[in-house]
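The values are calculated or read from the model by the stated rules, or taken from the named source; none is laboratory data. Here the structure is a predicted model, which is why all the values come from computation and not from measurement. When we count neighbours, we look across all protein chains shown, and the Cβ atoms used for this are built from the backbone with ideal geometry, even at glycine. Accessible surface is based on the protein model in full, side chains and every heavy atom, while ligands, DNA and RNA are left aside. Shrake-Rupley method; radii C 1.70, N 1.55, O 1.52, S 1.80 Å.
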Amino acid sequence: MRSGVLRRVLRIRSAQIALVILLGIAVLVVFGSSIAPQDPLHQDVARLLQGPSGAHWLGTDYLGRDVLSRLVAGSRLSVLTAVEAVAAALVVGALPGLASVFFGRWFDFIANRLTDAIMTLPTLVFAIAFTAVLGNRMTPVMLAVGFLISPYFFRVTRAAALQYAQEPYVDAARLFGVSRVRVVGTHVVGKVLPTVLVTAATALAGALLTVSSLTFLGIGVVPPAPTWGGVLSSDLNFLSQLPWAPLAPAALIMLTAGSLNILADALRDTIGTSGPPVVRAGAITDQEVDRVDEHPAA
Amino acid sequence: MSTNTPPLETRPVLDLADVAISVQDGTIQAVRGVSLQVRRGSSVGLVGESGSGKTLTCRAALGILDRGCRVESGTISFGGTDVSGLDPRQWRAIHGRRVGAVFQDPGSYLNPSVPVGRQLTEAVRAATGLGRRAARVRALELLTLVGLRGAEHVYRQIPGELSGGMLQRVLIAIAIAGDPELLVADEATTALDVTVQAEIIELLRRLRDERGLGILFVSHDLGVIAELCDHVVVFYAGEVVETGPVEEILRRPRHPYTQAMLRVASLGDYRRRELEVIPGQPPSVGERIAGCRFAARCAYAADECRSEAIELVGIGDQHDVRCARIEEIDLVQSDAWQKESA
Amino acid sequence: MRIVSSSSRLFTIFVPVVLLSTFITYGLGALSNSNPAAAVLGDTATPADIKRMDHQFGLDKPFLVQFVHWLGRVLHGDLGHSYFTGIPVTQSIGQRFPVDLSLTLLALVFAVILGGAAGVLAAVRQGSWIDRGITAISAVFTSVPAFVIGVGLVVVFATKLHVAPSSGYVGPTTDPQRWLQHMLLPAIAISLEPAVGVARQLRTALVHELRQNYVTGAVVRGLHPSRVLFGHALRNAAGPALTVLGAQVPFLIGGAVVTETVFSLPGLGQLAVSSAEQRDIPVVQGVLLVTSVIVILANLVVNAGLGKLRPRAGAVTA
Amino acid sequence: MSGGAQASEEPVLAVEAVDVYLGRGHRSTRILDAVSLDVHAGEIVGVIGETGSGKTTLARTIVGLVDPAVGAVRLDARVISGTRATRRRQLRRSGHVQYVFQDPLRSLDPDFTVDRIVAEGLVAQGRLGRDEIARRVSQALRRVGLDDELLTRRPAEISGGQRQRVAIARAIVLEPRLLICDEPVSALDASNRNKILRLLDELRTTLDIAIIVIAHDLSSLAGIADRVLVLYRGQVVEDGSIGEVFSRPAHPYTGLLVASAPNVIHRSLDARQLRVVSRPEQVDAAVDGCVFASRCRFATDSCRRRPPLLEVRPGRRVACHHHDTWRAEHVTHP
């Protein structure tokens, strides 16, 4: 890790706020339904579609369930599945991206075509199709989503790794007889890591939106189980009675995704000012391939 | 600058009087008290180490100081009109028409994705208002004028396809497209191969003599200045320490810094010898120093050098020096010379 | 691997990509353990019935043979029939396809206009309140799913102000004005995310370009500021922004699929969701294939645009 | 001091007629063409060449980052080019050949402190304990004129001249037999340039090592080099003792180089009279002819054949058909 990058990020006010919000969300995720004020599944036919009150801070839904409790209890599924997707993408994308430093042009060619192909698959449609195959469960669907976003990790990591691997100090280390694996370990990995972190934070925000979109469509969850997107979806049918009802679940999604994006931006700015080149997303890869050619393996 | 009446009856094209420039939003004064003049058909060289203020001065004269940099005091005028307070729109009437500029790393001053000919034509049109077709004809003439063979072919190439020397010629063609009176060249030959550098200097000399172009030439290399310029301004740590005709400065430098600079410069002799160095490092930009800014590195420095500001004093025809001990140094040196020859 | 011409680029890059993505699409369907015959015939089917049905669907052949057959039929415009309704997949997709195509194209246009203008404005006024405002609005929109924006638009413009229809679809050939009325809100809803992507990338790239020496060079040549901005800096900054736009298309289509639900548009999304619930594999495959092709086509367009922006192919770089 | 004065009988480095190609397949180009060079212990040899002359490729070939297609590189009479990976690693760990890269800022890892940078080669050898490494690092730093307070700084926190010294310290800490410096002073101003050149001059005697200094201009060799090798488009056009080569160049290209060098004192050659005015077109077109013919004022039909690199005097080689006549044609008008 580039020394002090995180410390400098944490000096940025917006990043501090974002981190506090994310810590709060993390508490919701860890403790989930055990800190929900009421039973998220308890239906109360006497209190349908009520506005906020002392008993129900965020009101009740069309079955008389406490909205606040449903949102709190739904945090775990909504956030953890997104984390699963990003973790999968990291493993499938970032590791080969880093490894591309070691392999020649054929690995590069194949990996890039494969990447291009995966990137043409529309994430949501693919996720929907996946439920058709594997049944209506969230985890496999999100692993599939992780597979679909892995190309972004691959590209960003690969571009950064190749760039750093061509710095003269890498040649210098090789001239000392340091092995390639160790050279990459000491001179390249640490510099690529912040870039991967930025991508991970952005991807997590995106995956969160994907989860909420899927749960909104009713995909990946079996009905009584609460999710943020599901709460939003159920509110939608009663817009005329409770037009402000979507606000709370929407705000929760936005706060989480927004905090992640702010953190990613702060991180990106910090890396940008501390030296390493900015890796442009989706940069055209042919030039990089050319550069590899000019770098004869030794 | 000397108070003598200028030998040429023409008014200077560029006239800087007592210019001070601040950087970092006025917090640091990087350049102070710079006065210099450039006339048509003459070339003035600014020489100094990096950070000495020569590039800031020349960017101020071009009206392209970076954000946070500002001309604090003094006047900059083109042919009698003061330009120090102009806004970008007013500068546009001067850029390209009255002054052209070339820089180090010529390739980076051209748009990498547009053929060079189109960029030249565009400059011709901006400076002259010619029609598209006439401008293209003019552009091809200019490419030939700056010594590029196969102008038609070069016209269609993008910057990445040309060598550094060719790019600098293209940039010179662009700079003189509007037939300006002044050309500002900031380290224009620094990154080039020596043989190419000599050719570019040759070209600049020709343009100066044939078209009466005034040239303000910035370089860290006294040798290059000696090849092209008739007048030298020596910068040290944000101040002019010596200025005068090039032969005189080379033959009989008076400021200890100029003398040291000549000793470390390449002498055109390649035998093994003990190489000269100037001890220490220059002060950091804007560092406040009472007295002479070179005193800490100067073998002749005395107490008087460190107490109060030293003025630039005229000591001959257009020859000014900023040194408090100039007479004593002359004595020491002639003594040494006598001992050596005895 | 230098690009000699755009046609060879097409063959070296896009043909393998199309083959691979169709393979993944098909493989997804074929990998499903669900037996369509059993699903269609119900609990009372005999093994012989299932075998006959398998043969009818071609499911008794090796996987690769099935893929090649399927690909052959796809090339002839045959995506098979729904397991349940028996309606040709091309027919049900054909009915709904215009909705998504209109939505996607309109959203792309909005994204270019909105994102382009915001990006240029933010870069030119870098550090001003305009720049900060655009950055803040961008941060909000990247954190909101398209369907939430859709819901917001419905609440404000349809439910409260009654200035736009909240649901339904009219074909552009039937009544262009009403088509636009129906498409406007959903298209805006899904265009905001890609617009933000374009704006951010454009701002970054343009700020970078405006710091380059050639911009200083253009200024000292006395060029008009608009010429420096649009003729030089933007030309070079547009490439990365266009690349980002291309990369956004898969998400744009995803947004379209969800937003259809909000605005009750009869599009591919609803077809995909309902067939996924029924495990109607040929329909799901068809939708995936068609949307992938949209993405690939959009990327071809983007690539053509990039080719125009970049220096001539095969240029020697020093 | 004349060329090769300190030469012992066996050269430390012998580059024997190497051809080097870069790129693959039809895009492969010949960068070096039959280049040969000897360097003895205690000797500084300058390699001078402009853009595209192949000088950096020559350095990379000597250190084994590039393999020659033809020819060999020998260190103390043992071939070190084109070896297998394990042998190569063994050679590299020995530290006998050290390379000081062109750009000191980029060749030092920005995340590493000075002590870690200088120690990297010793750590890779894995022979010495931590205390011994620390001792050797601080000794090397003192040798290049830096003190211990720099040990914990990072490259961004020290000056350009100091960075170049750190790069040299990193090389000499391994007690090399041969040191190759690629443009060691091109990024420095005149005074700092002379300081680094003086340091190299000092090291060759105190450490008794062979040094190659690669440069694009004469001023980076002035005062320290014993011999100089002039490269033009991958070929050696002239070599010999530096005083002789530059005071009486035997090749028209060397002449042009000397005449073009910016100079504050009078010179004997005028670049304007060495540049091409006109020349026979067919000389230009010759593929296997003299590499310099297209820029040579003195080119004739015979230059369509490639001139051999002839030893015109002991220790003096020139590749020019007209090496003994062109100067007579060059008339200096007042």
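Any residue in the range D:116-143 that's in contact (Cβ under 8 Å) with a residue 40 or more places away in the chain: show its pairings with residues that are open to solvent by 70 Å² or more (accessible area, probe 1.4 Å) at Cβ separation under 8 Å, as long as the two are six or more apart or on different chains.
That search, which allows pairs on different chains as well, returns D:Gln125/D:Arg93; D:Arg143/D:Thr206.
Return yes or no: is B:Val332 within 14 Å of chain D (Cβ to nearest Cβ) and outside any loop (DSSP other than H, G, I, E, B)?
No, not satisfied.
Out of A:Ala248, A:Ala172, report the one residue that is in a helix (DSSP H, G or I) and surrounded by fewer than 24 Cβ atoms within 10 Å (Cβ to Cβ).
The conditions single out A:Ala248.
In the range C:300-311, which residue that is touching a residue at least 60 places away in the same chain (Cβ under 8 Å) and either more than 11 Å from chain A (Cβ to nearest Cβ) or in a helix (DSSP H, G or I) (or both) is farthest from C:Thr22 (Cα to Cα)?
C:Leu309
Mind checking which pairs have a first residue in the range A:10-28 that is touching a residue at least 40 places away in the same chain (Cβ under 8 Å) and of a type outside the set (Val, Ile, Thr) and a second that is part of a loop (DSSP other than H, G, I, E, B) and open to solvent by 50 Å² or more (accessible area, probe 1.4 Å), Cβ under 8 Å, 6 or more apart or different chains?
Final answer for the pair search is A:Leu19/A:Leu10.
Just name the residue that is nearest to the chain's Cα centre (by Cα) out of those in the range D:81-111 that are surrounded by fewer than 23 Cβ atoms within 10 Å (Cβ to Cβ) and under 15 Å from D:Gln162 (Cα atoms).
Going through the qualifying residues, I end up with D:Gln102.
In the set B:Arg118, B:Arg138, B:Arg125, B:Arg149, which member is of a type in the set (D, E, K, R) and assigned to a loop (DSSP other than H, G, I, E, B)?
B:Arg149
Quick check, is B:Leu203 surrounded by fewer than 21 Cβ atoms within 10 Å (Cβ to Cβ) and at pLDDT 90 or above?
yes
Scan the range C:252-279 residue by residue and report those that are touching a Ser or Thr at 6+ places or on another chain (Cβ under 6 Å) and surrounded by fewer than 24 Cβ atoms within 10 Å (Cβ to Cβ).
C:Ser264, C:Arg279 - these are the residues of the range C:252-279 that are touching a Ser or Thr at 6+ places or on another chain (Cβ under 6 Å) and surrounded by fewer than 24 Cβ atoms within 10 Å (Cβ to Cβ).
Is it true that C:His162 is assigned by TED's automatic domain parsing to the domain that holds C:Ala304 and surrounded by 24 or more Cβ atoms within 10 Å (Cβ to Cβ)?
When the stated conditions are applied, C:His162 does not pass them.
Do you know which of the residues in the range D:230-250 that are small (Gly, Ala, Ser) and surrounded by fewer than 24 Cβ atoms within 10 Å (Cβ to Cβ) is nearest to the other protein chains (Cβ to nearest Cβ)?
D:Gly243
Residues to consider are C:Leu184, C:Leu229; find the one that is more than 14 Å from chain B (Cβ to nearest Cβ), modelled with pLDDT of 85 or more, open to solvent by 20 Å² or more (accessible area, probe 1.4 Å) and out of contact with any Gly (no Cβ under 8 Å at 6 or more places or on another chain).
The unique qualifying residue is C:Leu184.
Limited to the range B:148-182, what total is found for residues that are open to solvent by less than 20 Å² (accessible area, probe 1.4 Å) and within 9 Å of chain C (Cβ to nearest Cβ)?
Number satisfying all stated conditions: 8.
Give the range C:200-226 a look and list any residue that's open to solvent by 30 Å² or more (accessible area, probe 1.4 Å) and not in a helix (DSSP H, G or I), or say none.
C:Arg211, C:Gln212, C:His224
Can you tell me which residue among C:Leu75, C:Leu64 is under 23 Å from C:Ser275 (Cβ atoms), free of Cβ contacts under 8 Å to residues at least 40 places away in the same chain and surrounded by fewer than 20 Cβ atoms within 10 Å (Cβ to Cβ)?
Residue meeting the stated conditions: C:Leu75.
Let's see how each residue does on (1) away from every other protein chain (no Cβ under 11 Å); (2) closer than 27 Å to D:Ala222 by Cα; (3) surrounded by fewer than 22 Cβ atoms within 10 Å (Cβ to Cβ):
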site: D:Tyr21; (1), (2), (3): no, no, yes
site: D:Asp33; (1), (2), (3): yes, yes, yes
site: D:Val39; (1), (2), (3): yes, yes, no
site: D:Val45; (1), (2), (3): yes, yes, no
site: D:Gly54; (1), (2), (3): yes, yes, no
site: D:Val79; (1), (2), (3): yes, no, yes
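Output the residue which, of all residues in the range D:195-217 that are under 17 Å from the mean Cα position of the chain (by Cα) and at the interface with another protein chain (Cβ under 8 Å from one of its Cβ atoms), is nearest to D:Ile242 (Cα to Cα).
My answer is D:Asp217.
Looking for something surrounded by 24 or more Cβ atoms within 10 Å (Cβ to Cβ) and either among the hydroxyl-bearing types (Ser, Thr, Tyr) or in a helix (DSSP H, G or I) (or both) - is there at least one such residue anywhere in the range B:209-216?
no
So which pairs qualify, if the first residue must be in the range D:16-29 and within 16 Å of D:Lys55 (Cα to Cα), the second must be in a strand (DSSP E or B) and β-branched (Val, Ile, Thr), the Cβ gap must be under 6 Å, and the two must be at least 6 apart or on different chains?
D:Val18/D:Val35; D:Asp19/D:Val70; D:Val20/D:Ile31; D:Leu22/D:Ile31
Regarding the range C:38-56, can at least one residue be identified that is within 29 Å of the chain's Cα centre (by Cα) and at pLDDT below 80?
Within the range C:38-56, not a single residue is within 29 Å of the chain's Cα centre (by Cα) and at pLDDT below 80.
How many residues are facing chain D (nearest Cβ under 10 Å) and open to solvent by 20 Å² or more (accessible area, probe 1.4 Å) when one looks only at the range A:181-205?
So the count comes out to 2.
Among the residues of the range C:78-103, what is the count of those that are surrounded by fewer than 17 Cβ atoms within 10 Å (Cβ to Cβ) and farther than 16 Å from C:Val293 by Cβ?
6
Pairs needed: first member in the range C:134-163, modelled with pLDDT under 80; second member anywhere, part of a helix (DSSP H, G or I) and among the hydrophobic types (A, V, I, L, M, F, W, C); C-beta distance under 8 Å; at least 6 residues apart or different chains.
The qualifying pairs are C:Ala158/C:Leu185; C:Val163/C:Phe157.
Would you list the helices (runs of 4 or more DSSP H) that sit entirely within the range A:52-153 and hold 3 or more residues that are touching a Pro at 6+ places or on another chain (Cβ under 9 Å), open to solvent by 10 Å² or more (accessible area, probe 1.4 Å) and within 14 Å of chain C (Cβ to nearest Cβ)?
A:105-119, A:123-134
If C:Gln285 satisfies all but one of (1) among the polar types (S, T, N, Q); (2) within 23 Å of B:Glu122 (Cα to Cα); (3) more than 14 Å from chain B (Cβ to nearest Cβ), what's the number of the condition it fails?
Going through (1) among the polar types (S, T, N, Q); (2) within 23 Å of B:Glu122 (Cα to Cα); (3) more than 14 Å from chain B (Cβ to nearest Cβ) one by one, C:Gln285 breaks only (2).
Just give me the residues in the range D:251-271 being modelled with pLDDT of 75 or more, out of contact with any Ser or Thr (no Cβ under 6 Å at 6 or more places or on another chain) and facing chain B (nearest Cβ under 9 Å), in sequence order.
D:Tyr253, D:Leu257, D:Val258, D:Ala259, D:Ala261, D:Pro262 - these are the residues of the range D:251-271 that are modelled with pLDDT of 75 or more, out of contact with any Ser or Thr (no Cβ under 6 Å at 6 or more places or on another chain) and facing chain B (nearest Cβ under 9 Å).
Name, by its number, the condition in (1) part of a helix (DSSP H, G or I); (2) more than 27 Å from the chain's Cα centre (by Cα); (3) of a type outside the set (Ser, Thr, Tyr); (4) within 14 Å of chain D (Cβ to nearest Cβ) that does not hold for B:Ile201.
Result: B:Ile201 passes all but (2).
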